[in-house]
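As structure tokens, the structure follows; a few thoughts come after it.
A short reminder: the numbers here are calculations on the coordinates, not readings from a lab. Just so you know, these numbers come straight off a predicted model, no measurement behind them. Here Cβ is always computed from backbone atoms with ideal geometry, including for glycine, and neighbour counts include all displayed protein chains.
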Amino acid sequence: MEVTHWLRTFILLMNIILTEVLKCNICSIREGIDQAVTSDNLRIVTDLRRPYCSGGHEEIECNDYQDACIKMVVYLLDDGKYWLAKGCTNRMPFIPTGCHQTQTEMQEVGMDSVHRPGLFRAFSGTAMQDVCICETNNCNASFLPATNILKIFLPLALLCAWHY
């Protein structure tokens, strides 16, 4: 009986010691150029012309309660800009891993640089968002969601096959 107790304690301690912290990627920011918000191991970069980290990536260690990496690309249809969020998250049991595309409504408050410089203005509109959730180290490093890669390369491959 006593050996079983010590064995269980040993296995538990080894599990704690050998458990590696999940590592995810966040976008590096370029001072004075990128507009970004970082909170709880997640960095959101706004007002991008393309959906990738223009300043490269940084590796970040997730907290104990964060068990997945996330990459979210939001395309604002009205102004043609992207928001990109990368970092750690807590995967809810009902959210499967992989990439999912949805349409959503966005509401944003920001400085109005066109109509009334220096004043705040509320913006709203439709946005498309790709959300990718994965559970291995640095799995959110790619710059395009898998669904977009297929949308680019599949027609290209068909065109090449048809041409030759």
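Placing R0 at 25 angstrom, the Cβ-Cβ distance between Thr4 and Glu61 gives a FRET efficiency of 0.10 after rounding to 0.05.
I need Met72, Met92, Met128 ordered by Cβ neighbour count within 10 Å, fewest first.
Lowest to highest Cβ neighbour count: Met92, Met128, Met72.
Counting neighbouring Cβ atoms within 10 Å and putting the fewest first, the residues Leu42, Leu84 line up as Leu42, Leu84. The chymotrypsin sites (Phe, Trp or Tyr not before Pro) of region 54-91 that DSSP puts in a loop, and whose beta carbon has at most 16 other beta carbons within 10 Å, are Tyr65.
Panel order for Asp34, Asp79, by other beta carbons found within 10 Å of each beta carbon, from fewest to most: Asp79, Asp34. For Lys81, a cut-off of 19 angstrom between C-alpha atoms picks up these aspartates and glutamates, skipping any fewer than 8 places away in its own chain: Asp34, Asp47, Glu105, Glu108, Asp112, Asp130. For Lys23, the aspartates and glutamates whose Cα comes closer than 14 Å to its Cα, not counting residues fewer than 8 places off in the same chain, are Asp40, Glu58, Glu59, Glu61, Asp64, Asp67, Glu135.
Here the Karplus curve 6.51 cos²θ - 1.76 cosθ + 1.60, taken at θ = phi - 60°, turns the phi angles of region 128-141 into couplings of 9, 9, 9, 10, 10, 10, 9, 10, 10, 4, 6, 6, 9, 7 Hz, with x standing for Gly and Pro.
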